[in-house]
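Asker: Have a look at this one before I ask anything.
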Amino acid sequence: MHPATEKLVSALTELSIPVEACNFEERGYHFEIDLEADKLRSLAECMLAQEMFLVFVGGLHVKPAIEIVYQFASFERACRLVVRVPVKADNTIPTISDIYQGANWHERETRDFYGVIFTSHPNLVPLILAEEDVDLKPLLKKDEDLKESAAVRWAPHPKSTSSLTLTAPVEEKPEAEKAEQG
Amino acid sequence: MGNLAENNALHADLEPATDIPNDNHYFLNMGPQHPSTHGVLRVLLEMDGEYIVEAQPVLGYGHRMQEKMGEHKNWMAFMPNTGRMDYAAALQYNHGYVGLYERLCQIEVPTRAEYIRVITSELNRIVSHHLWIGAMLLDMGAFTPILYTFDDREQVLDILEDVTGSRLTYCYFRVGGVCKDIDDKFVEKTRAFIKRQRERFDIYNKLVTGNIIFIKRTEGVGIISPDMARRYGVTGPVLRGSGIAYDVRKNEPYSVYPNFDFEIPVGANGDSYDRYLVRLEEIEQSLRIIEQALDQLPDGPFLGKVPKKMKMPTGDCSFAVEAARGELTYYMVSGGGDVPYRLKIRVPSYSNLSILQELCRGMLLSDLVAAMGSMDLVIPEIDR
């Protein structure tokens, strides 16, 4: 592990934030963190102190609460982090736009799409959507499509299983279709 | 060219303009149809004479809710959407999207396909930079350069049209490879283009790089410090102009980029002129990559075996590529099935533009045109 990455992990552990390592080849990032909304701001401060930049902020509509996804990465080395934070019971979450100014627009966009209120945000007005669409919340799922948080979590699957589910039902079909076309 | 501290001092000199009482201020709408906002971006400017007090970008005029469409379409149906976000560098958007599925479902891609992807992506990067040089100079009142860069751009567009079937909004990559193989004619024409482009740099340098008017208008204008870039998540040539050599192709290598020898050009001062120099050098580096890729081009299939109906495992997956404007990240959350449960598209220009408010406090209006031009914004990408 890169020394700076080790430093980052130990800084997070000091804040008693649990960090879990991921397989980059499968997930596209190196660490994942599940966090309570209360600790979000101290995490963001830690990230800035460790010279990470904010890649994006996005939402994810799941049961029981909407989750806000933060991705951080490093300019200097391969180190990418995904942080998931469920919003509080009153549909709010603290802003980090005073720590990472780049979060300002991402948070406004997330409010547009999910209706989540970022407390203490300096300018939480519609960014991407028009002002009259302030209550549209287009990315909220319908009840029948809404899934449990656990149902969209990474299920560790051995490679053989994943290739099985991939090829089993359709293995012969393309061949047959090709023959028809030919 | 002064150092960063000096230039910042120069920038600070402009700020006293904000001290003048508010009743002298007036508001000015730049856009949404202003020629130098490249698409429908509106910047609401609070002005004090010729100086900008506050600039507030207003977005969303070209919003199409791509992320919602992403939740309702399988990968094949969404492919054309990817090319319609950043229409100037569509292949890199193709690349990120197919890469995401290949990573999540662990699909093998034939080596030849990866080489074809790299060659066409880099051609697309060159095309994008051609467009930018022409458009940026046009913003600043120089009409001639665009005639030269568009001449060169046409050469590449013809090459890409032959193989992809389109000239702008490409939909060429597929999960598992690309949809059409390249032939000897493609290789021959690409080699001819590389030779031609190298000769053209001389013209660019004479016409633009050393042009005293261009230098006066861009040097020391719109300085972005590395710290500011980090706080906003600025990436791409805009970041590299500030001296940080961050490039996803090197940092988190994907596809066959590790096979090539190329450099990441960086600037020294983080001003608009440096961003120009970085992009110009990136064209040369892309040419180097293409040259090596053509030399090493392996035989074999151009499309691997991929099931028609994709059954994805549950969980999330992220895939970042270096697009012409910076880091493009697709982040998918899958709940099984063949469409994503959630598709987040992180586009580079979004974070790059968000810096504008802080960047142009106390700036002259004419400098804003240069600073914004140097960011290489594509608004439909920001609005998605």
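Asker: Considering B:255, B:225, B:242, which residue is hydroxyl-bearing (Ser, Thr, Tyr), within 14 Å of another protein chain (Cβ to nearest Cβ), closer than 23 Å to residue B:92 by Cβ and surrounded by fewer than 22 Cβ atoms within 10 Å (Cβ to Cβ)?
Answerer: Sole residue among the options that is hydroxyl-bearing (Ser, Thr, Tyr), within 14 Å of another protein chain (Cβ to nearest Cβ), closer than 23 Å to residue B:92 by Cβ and surrounded by fewer than 22 Cβ atoms within 10 Å (Cβ to Cβ): B:255.
Asker: I'm trying to understand the selection: among the residues of the stretch B:302-327, which are in a loop (DSSP other than H, G, I, E, B) and either at pLDDT below 90 or within 11 Å of chain A (Cβ to nearest Cβ) (or both)?
Answerer: B:302, B:304, B:305, B:306, B:307, B:308, B:309, B:310, B:311, B:312, B:313
Asker: Sticking with this structure for a sec: For residue B:330, indicate whether it is in a helix (DSSP H, G or I) and within 21 Å of residue B:65 (Cα to Cα).
Answerer: So residue B:330 fails the test.
Asker: Can you tell me which residue among A:139, A:129 is more than 20 Å from the chain's Cα centre (by Cα), within 8 Å of chain B (Cβ to nearest Cβ) and not β-branched (Val, Ile, Thr)?
Answerer: Exactly one of A:139, A:129 is more than 20 Å from the chain's Cα centre (by Cα), within 8 Å of chain B (Cβ to nearest Cβ) and not β-branched (Val, Ile, Thr), namely A:129.
Asker: Here's something else I'd like to know. Just checking, which of B:170, B:204 is within 27 Å of residue B:119 (Cβ to Cβ), in contact with a Gly (Cβ under 7 Å, 6 or more places away or on another chain) and modelled with pLDDT of 90 or more?
Answerer: Values: B:204 fails: in contact with a Gly (Cβ under 7 Å, 6 or more places away or on another chain).
None of the other options fit; the residue is B:170.
Asker: Any residue in the stretch B:224-240 that is touching a residue at least 40 places away in the same chain (Cβ under 8 Å), out of contact with any helix residue (DSSP H, G or I) (no Cβ under 6 Å at 6 or more places or on another chain) and within 22 Å of residue A:80 (Cβ to Cβ)?
Answerer: Yes, the conditions are met somewhere in the stretch B:224-240.
Asker: Restricting the stretch A:23-35 to residues that are of a type outside the set (Gly, Ala, Ser) and within 14 Å of the chain's Cα centre (by Cα), which is farthest from the other protein chains (Cβ to nearest Cβ)?
Answerer: Going through the qualifying residues, I end up with A:35.
Asker: Mind listing whichever residues of the stretch B:173-186 are in a helix (DSSP H, G or I) and either modelled with pLDDT under 90 or crowded, with 16+ Cβ neighbours inside 10 Å (or both)?
Answerer: Hit for the stretch B:173-186 is B:186, nothing else.
Asker: Looking only at the stretch B:43-72, count how many residues are buried (at least 18 other Cβ atoms within 10 Å of the Cβ) and either among the basic types (Lys, Arg) or under 21 Å from residue B:101 (Cβ atoms) (or both).
Answerer: 4
Asker: Tell me, yes or no, whether the stretch B:43-50 has at least one residue that is touching a helix residue (DSSP H, G or I) at 6+ places or on another chain (Cβ under 6 Å) and at pLDDT 90 or above.
Answerer: Step one: filter the stretch B:43-50 for residues touching a helix residue (DSSP H, G or I) at 6+ places or on another chain (Cβ under 6 Å), giving B:48, B:50.
Of the ones still in play, those that are also at pLDDT 90 or above are none.
Among the residues of the stretch B:43-50, not one is touching a helix residue (DSSP H, G or I) at 6+ places or on another chain (Cβ under 6 Å) and at pLDDT 90 or above, which makes the answer no.
Asker: Out of the residues in the stretch B:333-378 meeting the condition of being in a strand (DSSP E or B) and of a type in the set (Lys, Arg), tell me which one is nearest to residue B:46 (Cα to Cα).
Answerer: Only one residue fits best here, namely B:346.
Asker: Say whether the condition of being surrounded by fewer than 24 Cβ atoms within 10 Å (Cβ to Cβ), out of contact with any Ser or Thr (no Cβ under 7 Å at 6 or more places or on another chain) and without any contact (Cβ under 8 Å) to a residue 24 or more places away in the chain is met by at least one residue in the stretch B:298-306. It would help to see each step written out before you state the result.
Answerer: Taking the stretch B:298-306 and keeping what is surrounded by fewer than 24 Cβ atoms within 10 Å (Cβ to Cβ), we get B:298-306.
Then keep just the ones that are out of contact with any Ser or Thr (no Cβ under 7 Å at 6 or more places or on another chain); that gives B:299, B:301-306.
Keeping just the survivors that are without any contact (Cβ under 8 Å) to a residue 24 or more places away in the chain gives none.
No, that holds for no residue.
Asker: Are any of the residues in the stretch B:277-284 of a type in the set (Lys, Arg), within 17 Å of residue B:352 (Cα to Cα) and in contact with a Phe, Trp or Tyr (Cβ under 7 Å, 6 or more places away or on another chain)?
Answerer: Yes, there is a match, as at least one residue in the stretch B:277-284 is of a type in the set (Lys, Arg), within 17 Å of residue B:352 (Cα to Cα) and in contact with a Phe, Trp or Tyr (Cβ under 7 Å, 6 or more places away or on another chain).
Asker: Can you name the residue in the stretch B:65-107 that is in a loop (DSSP other than H, G, I, E, B), of a type outside the set (D, E, K, R) and over 22 Å from residue B:128 (Cα atoms) and is also farthest from the other protein chains (Cβ to nearest Cβ) among such residues? Break it down stepwise before answering.
Answerer: Let us first name the residues in the stretch B:65-107 that are in a loop (DSSP other than H, G, I, E, B), namely B:65, B:71-74, B:83-86, B:105-107.
Filter again for of a type outside the set (D, E, K, R), leaving B:65, B:72, B:74, B:83, B:85, B:105-107.
Still in the running and over 22 Å from residue B:128 (Cα atoms): B:65, B:72, B:74, B:105-107.
Details: B:65: 6, B:72: 10, B:74: 13, B:105: 6, B:106: 6, B:107: 8 Å.
The qualifying residue farthest from the other protein chains (Cβ to nearest Cβ) is B:74.
The values are calculated or read from the model by the stated rules, or taken from the named source; none is laboratory data. In this text the structure is predicted, and so the values were computed from the model without any measurement. No Cβ is skipped: glycine too gets one built from the backbone with ideal geometry, and neighbour counts run over all protein chains shown.
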